[in-house]
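The values are calculated or read from the model by the stated rules, or taken from the named source; none is laboratory data. Worth saying up front: this structure is predicted, and the values here are computed from it rather than measured. Virtual Cβ from ideal backbone geometry, glycine too; neighbours counted across all protein chains shown.
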Amino acid sequence: MVKPSLINRDFKNSLNISRPHKKPHVLYVLGGTFLLLISALYFKYASATIPAPQLAAEPSSSDLINIPLPQSSELSALNLKPLSSKKKTNTSSASTHFNKPSTLASKDTTSSWSKYKIKSGDNLARIFKQKKLSATTLHKIIHSSKQGKVLENIKPGQHIRFLQDKNLNFIALEYAIDRIKTLKVQANESDGFNTAIIEKPVKISHLTAAGSINNSLFYDAKQAGLSDRTIMQLANIFGWDIDFAQNLRQGDSFSLLYEAKYIDGQRIENGHILAAEFINRGETFQAVRFVDNKGHAEYFSPQGKSMRKTFLRNPIDFARVSSHFNLRRKHPVLNRIRAHKGVDYAASRGTPIKSTGDGRITYRGVKGGYGRVVIIQHGQKYSSLYAHLSKYGRYKNGSYVKQGQVIGYVGKSGLATGPHLHYEFRINGVHRNPLTAKFPSAKPIQKKHLAEFKQQTHPLLSQLTQAKQTQLALN
């Protein structure tokens, strides 16, 4: 057991150790406080003797010293210019949209054009997908305007140019419709599209051509420098009076005045035939183009009679007659005498067949030995039949068709030894030879327009006559 006296002693010793015997720090604290007090009184007295500076007129959140600047007269003496008070404008903006056409077309040097040639089987959806453009963009372009719908008529061999930025966003496109017209589409600032069809300036000149028939109209006209299109125009003008497949003879001749179109000095294509002459078997046929005050154009004789007849002489262009109208012909399949109440035209399968006159389709279907057949009623008096078709045109039963529209294609359906067209023509229900039947002409120039007709066509006929004389002199 520990003695109480020891415990008390230990406790007293420990208390004595922790209690300090000297207190020098009290003197240091008192001395420092006195010095601070004297310093404060000194600065207060010094600040009261210094005049306070004038404050700026406008309130400020911080105390700024306003230092007066030298006047402009003083700057002039020092050859210095005064500082502008205007702030420098920052032309860049964080809200600029670089996918907008106006910005990209003018400032974005990373945008570039690419050219795409349309191939067989292509469509717009496939082309836009290949260019990494969305179907939504295509839909908006096509439905943006009437001009935009032109893109639905793209054809193999044509070209489309695309302008895209570095992220392949759409900026613009150009579609060459033909050599003259180009569709231009450009994105605008309102997330839409501006469309327009631009036409290049075309210069039209008048040219002449002449030639003689030694082989065929097509071959000899090509030798005279005429295009396929112009040759077909020539055949269509005189097709009501001349059978170019059967009635041409060596020594027949032709001459014509026609338009030629130029862009940037380069000839691109031929235009309309303005006047033409064809001499067939010694008989002269002349035609001149007349445009009325409504813009409707048609060909007339120099006397004002229409070159157009109620019916075309042939339903196929430049086809060879393989079998004539013959009421005692021996049928090639049945091998017996059977009246051939029409004309057969030999042609390759798929050759287009044209309606020879205006009328309504009264029958379209299969009819015995005729195979696939189309029958057209032309008013009350006339009707025509087209047989052995491979397929029909787009016109159905009851459809109204105009002269020259395609109603079917050559084939060998029914009783036929090879592809050809069997064509019949009836007047009041009686079969007539379509190669020799007399067809009524269309209406002539009205008397009230005859003076205008003469004034417009006389210069054209004079140019045609002069061209003939020049050709004769060269020969």
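List of remarks:
- The residues on offer are 355, 383, 399, and the sole one that is in contact with a Lys or Arg (Cβ under 6 Å, 6 or more places away or on another chain) and either small (Gly, Ala, Ser) or within 18 Å of residue 422 (Cα to Cα) (or both) is 383.
- Only one entry of 455, 403 meets the criterion of being in the same structural domain as residue 277 (by TED's automatic domain parsing) and out of contact with any strand residue (DSSP E or B) (no Cβ under 7 Å at 6 or more places or on another chain), and that entry is 455.
- Flag if residue 246 is farther than 20 Å from residue 313 by Cβ and surrounded by fewer than 21 Cβ atoms within 10 Å (Cβ to Cβ): no
- Test: residue 375 is surrounded by 17 or more Cβ atoms within 10 Å (Cβ to Cβ), free of Cβ contacts under 8 Å to residues at least 24 places away in the same chain, over 31 Å from the mean Cα position of the chain (by Cα) and closer than 25 Å to residue 439 by Cα: yes
- When residues in the stretch 145-170 are screened for being of a type outside the set (A, V, I, L, M) and within 27 Å of residue 110 (Cα to Cα), 11 of them pass.
- Residue within the stretch 462-474 that is out of contact with any Ser or Thr (no Cβ under 6 Å at 6 or more places or on another chain) and assigned to a strand (DSSP E or B) present: no
- Selection status of residue 167, under 17 Å from residue 138 (Cβ atoms), in the same structural domain as residue 123 (by TED's automatic domain parsing), touching a residue at least 12 places away in the same chain (Cβ under 8 Å) and of a type in the set (S, T, N, Q): no
- Looking at 435, 415, just one residue is within 30 Å of residue 371 (Cα to Cα) and touching a helix residue (DSSP H, G or I) at 6+ places or on another chain (Cβ under 7 Å), and that residue is 415.
- Scanning the stretch 179-195 for residues that are more than 15 Å from the chain's Cα centre (by Cα) and either within 22 Å of residue 269 (Cβ to Cβ) or touching a residue at least 60 places away in the same chain (Cβ under 8 Å) (or both) yields 187, 188, 189.
- Residue in the stretch 234-245 that is in contact with an Asp or Glu (Cβ under 8 Å, 6 or more places away or on another chain), more than 17 Å from residue 297 (Cβ to Cβ), in contact (Cβ under 8 Å) with a residue 60 or more places away in the chain and part of a helix (DSSP H, G or I) present: yes
- Members of the stretch 161-178 that are part of a strand (DSSP E or B) and either surrounded by fewer than 17 Cβ atoms within 10 Å (Cβ to Cβ) or in contact with a Lys or Arg (Cβ under 6 Å, 6 or more places away or on another chain) (or both): 161, 162, 174, 176
- Restricting the stretch 254-284 to residues that are of a type in the set (S, T, N, Q) and crowded, with 16+ Cβ neighbours inside 10 Å leaves a set whose member that is nearest to residue 203 (Cα to Cα) is 270.
- Note on the stretch 399-440: among residues that are among the hydroxyl-bearing types (Ser, Thr, Tyr) and surrounded by 14 or more Cβ atoms within 10 Å (Cβ to Cβ), the one that is farthest from residue 307 (Cα to Cα) is 413.
- Among the residues making up the stretch 412-426, those that are over 12 Å from residue 385 (Cα atoms) and touching a Ser or Thr at 6+ places or on another chain (Cβ under 9 Å) are 412, 413, 418, 419, 420.
- Considering the stretch 179-232, and only residues there that are in a helix (DSSP H, G or I) and of a type in the set (S, T, N, Q), the residue that is nearest to residue 259 (Cα to Cα) turns out to be 230.
- Residue within the stretch 138-145 that is assigned by TED's automatic domain parsing to the domain that holds residue 184, loosely packed, with under 15 Cβ neighbours inside 10 Å and at pLDDT 50 or above present: yes
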